[in-house]
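Please read the structure below before turning to the comments.
The values are calculated or read from the model by the stated rules, or taken from the named source; none is laboratory data. Given the structure is predicted, the values throughout are model-derived calculations rather than measurements. Every residue, glycine among them, receives a Cβ derived from its backbone with ideal geometry; neighbour counts consider all protein chains shown.
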């Protein structure tokens, strides 16, 4: 079967035909840049999620067809290709964005988009979910504009980037030693000590990530994650040019924003203004969950909860979609519903 035919079948399966539902894909101006938005839900009166993808420049929009449909029965979900990411990458000359690829601008974009969503869908507040890199800007967006959001959910939460890198590297070395993997140990030795004082270049990071991923740190119990990396090829939302833009956007943004990411540290943040939940993959060695667990114990918030996903690493919605749905319905939806009824 050809890819276009397969995409058509997936598109037809995912079509929202319920008259009370909503399904729209469009671009809108955010922070001076046309950016792509994807909204889906079976009932437009359900609480609204704004999902902030990871990466940088790794949108969930081309993989949402794999896991999101059950969530759409209980929430209206808004995905977004951030500036210089996915389809949004194709909307502007990337080099015209050079001075805007910084954490502050992404936070401003998030806040502007949340305001737009509230107005467009007539909501009092929005649920904010951040994944991986998206947790860096998500946490800060809540701190700057808590009135916009009913609850924050972190998946693969980043607390301190250098701590993440150290734990991830140590895990890769430990597993390579246990499995007597000479090739892995040889490659990992070339970047030791890690992260150390030597500049953390993309090349050094990729070596550490390569072996953490090989030992299940991205997808639990898997040496590779082709199901995730190849999924955009079948996305109803993405054509060939958009799929190609994924890697282009990733290279473009990472080299510009990496120094800021490496300096990220939320360990001294001890108070949070709205309810907060952390979804933590037990086997996550991209953003190791132990630091998130330790931080959550210390932070003060109106409500807080950590939920462990024992069969997941970094890609929780794809690895444990059932538990993701149940956790969202049991813990997140009641908070959001209350916020809608009592603005």
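Of all residues in region 276-293, those satisfying the criterion of being over 25 Å from residue 333 (Cα atoms) and more than 14 Å from the chain's Cα centre (by Cα) are 283, 285, 288, 290, 291.
Of the residues making up region 66-101, those that are assigned to a helix (DSSP H, G or I) and either under 20 Å from the mean Cα position of the chain (by Cα) or touching a residue at least 40 places away in the same chain (Cβ under 8 Å) (or both) number 11. Annotation: of all residues in region 207-234 being part of a helix (DSSP H, G or I) and free of Cβ contacts under 8 Å to residues at least 12 places away in the same chain, the one that is surrounded by the most Cβ atoms within 10 Å (Cβ to Cβ) is 229. Which of (1) in a loop (DSSP other than H, G, I, E, B); (2) surrounded by 19 or more Cβ atoms within 10 Å (Cβ to Cβ); (3) out of contact with any strand residue (DSSP E or B) (no Cβ under 9 Å at 6 or more places or on another chain) is the odd one out, the single condition residue 196 does not satisfy? Condition not satisfied by residue 196: (2).
Screening residue 255 against (1) at pLDDT 95 or above; (2) part of a helix (DSSP H, G or I); (3) under 20 Å from the mean Cα position of the chain (by Cα) leaves a single unmet condition, (1). The one condition from (1) in contact with a helix residue (DSSP H, G or I) (Cβ under 7 Å, 6 or more places away or on another chain); (2) over 28 Å from residue 140 (Cα atoms) that residue 281 does not meet is (2).
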